[in-house]
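Heads up, the thing below is written out as structure tokens.
The values are calculated or read from the model by the stated rules, or taken from the named source; none is laboratory data. What you are looking at is a predicted structure, and each value in this text was computed from that prediction instead of being measured. Positions of Cβ are generated from backbone atoms using ideal geometry, with glycine treated the same way; all protein chains shown enter the neighbour counts.
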Amino acid sequence: MSDTATLKQLVLGRKDVQDLSDAETELPPDLMTVNMGPSHPAMHGTVRIVLTVDGEKIVKSDVQPGYLHRCFEKESEHATYTQVFPYTDRLNYVSPMINNCGWAMAVEKLMGLTEKLPKRVEYIRVIVSEMSRITDHLTCTGASAMELGAFTAFLYFLKAREWLYELLEKVSGARLTHSYIRVGGVSKDLPPGFHDDLTLCLDKIEGVIVEVEAMLNTNKIFYDRMVGVGAMTKADAIATGCVGPIARSCGVDYDVRRDHPYSVYNEVEFDVPLGTTGDCYDRFLVRVEEIKQSIRILRQCLKQIPDGPTMVDDPRVSLPPKAATYNTIESMIRHFKHIMDGIRVPPGEAYSFVEGGNGELGFFIVADGTGRPYKAYVRSPSFVHLSTSSQLIQGHLIADVVPIFGMINMIGGECDK
């Protein structure tokens, strides 16, 4: 038997095939269902996408976030308002300082402390939030480039991210899960030499951005893999509730920091970058430009930050000094009640929101007068954006799932709440 005849038999399992064209006509026309993730490295951990494909073309998909067993909203009902801060760290664990700020602002709104915070506290919160925004965008753009083969760009951006992580570790004592913000202020002041350290860090990051832009912006492979891929219209972005860089890449001119200013964002100047096509390339460009704007904000904050206390002068929320705790019965009791029973938040409900790395990050709290939330809800942008991924990948090739999913920047901790 010839090699050709053997091939025909293997293809159709029959001996009377005359030529290979018969094999093509006899192949079943059914669509194929394949799994992408959770073991696929581009799926970021727990996500599984069940793809229905016609050859390499995606005709249908079922996106399943999977389970990290985070249970943020239910856990918060059994923790004091201060004990929730470590839980917020593990929502968007790439930029946890912003999560800390959002939770603190919601509790402060319920307690009527929003207008009483020291100015230095507000500046510190903006500084650590913008540092976290940069780390978020560096991770997203660097990892997405790496998944398309641009490993050098990934290493350059992760190197820059590490500089900020080291500096945030000096501020909070922890590299990633900081738990630095407190209701009514921050846990401690900025460390000595922080101004010079951050200025040097920003100078180096600006140099890295120039290098990576030279590598990627006009690179044919990167350009072809990103342009026109996963495009979303402005109308679709609004209809699906998209926010942050994803919405702004479609031309949705919305940024919480500018449109609903909080902390001291009304005292600094910055631009809100917008795209036009809403594809992966525009999302990349918007995120890189936002890094530059965050650097601009940070430089202004370093010049304008005043001296002053780092906690509101309100015994309902602030812990007494350690020396007083150890030496006076009143301070010891106050410390004990604050830790064990929690901050007593008046009954009511409040929603507070900030501009997270992926857009509007909101916390809704229902208080019942005890030291623990009666109910807590987080408006997590990653969950909203993940819900659009099935629509974005439809009609594309399997290989296009990688850049589309990467530039959505899904963070598992926010999705599995």
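What are the residue pairs meeting all of these: first residue in segment 146-162, first residue free of Cβ contacts under 8 Å to residues at least 40 places away in the same chain, second residue surrounded by 17 or more Cβ atoms within 10 Å (Cβ to Cβ) and among the aromatic types (Phe, Trp, Tyr), Cβ atoms under 6 Å, and 6 or more apart or on different chains?
146/154
Within segment 228-275, how many residues are in a loop (DSSP other than H, G, I, E, B) and within 27 Å of residue 298 (Cα to Cα)? Can you show your working first?
Residues of segment 228-275 in a loop (DSSP other than H, G, I, E, B): 228-233, 240-243, 250-255, 260-264, 268-275.
Next cut, within 27 Å of residue 298 (Cα to Cα) only: 242-243, 250-255, 260-264, 268-275.
Number of matching residues: 21.
Can you give me the ranges of the helices (runs of 4 or more DSSP H) entirely in segment 1-95 with at least 1 residues that are more than 30 Å from residue 169 (Cα to Cα), touching a helix residue (DSSP H, G or I) at 6+ places or on another chain (Cβ under 9 Å) and modelled with pLDDT under 90?
On the way: elements: 3-12, 20-26, 72-76, 85-89.
Here the list reads 3-12, 20-26.
Out of 247, 237, which single residue is free of Cβ contacts under 8 Å to residues at least 60 places away in the same chain, surrounded by 14 or more Cβ atoms within 10 Å (Cβ to Cβ), within 19 Å of residue 379 (Cβ to Cβ) and of a type in the set (Gly, Ala, Ser)?
237
Could you grab the pairs with beta carbons closer than 6 Å, sequence gap of 6+ or different chains, first residue in segment 184-207 and more than 20 Å from residue 125 (Cβ to Cβ), second one outside any loop (DSSP other than H, G, I, E, B)?
So the pair list comes out as 205/160.
Which of the residues belonging to segment 263-288 are within 16 Å of residue 305 (Cβ to Cβ), touching a residue at least 60 places away in the same chain (Cβ under 8 Å) and out of contact with any Lys or Arg (no Cβ under 7 Å at 6 or more places or on another chain)?
264, 268
For segment 162-216, enumerate the residues that are over 24 Å from residue 319 (Cα atoms), outside any helix (DSSP H, G or I) and over 23 Å from the mean Cα position of the chain (by Cα).
193
Identify all residues within segment 217-227 that are surrounded by fewer than 21 Cβ atoms within 10 Å (Cβ to Cβ), part of a helix (DSSP H, G or I) and not hydrophobic (A, V, I, L, M, F, W, C); write none if there are none.
220, 223, 224, listed by residue number.
Kindly provide the set of residues from segment 148-161 that are in a helix (DSSP H, G or I) and more than 18 Å from the chain's Cα centre (by Cα), ordered by number.
Let us first name the residues in segment 148-161 that are in a helix (DSSP H, G or I), namely 151-161.
Listed by number, the residues that qualify are 151, 152, 153, 155, 156, 159.
Being in contact with a strand residue (DSSP E or B) (Cβ under 8 Å, 6 or more places away or on another chain) and closer than 18 Å to residue 255 by Cβ is the filter here, so list the residues in segment 353-371 that pass it.
353, 354, 355, 360, 361, 362
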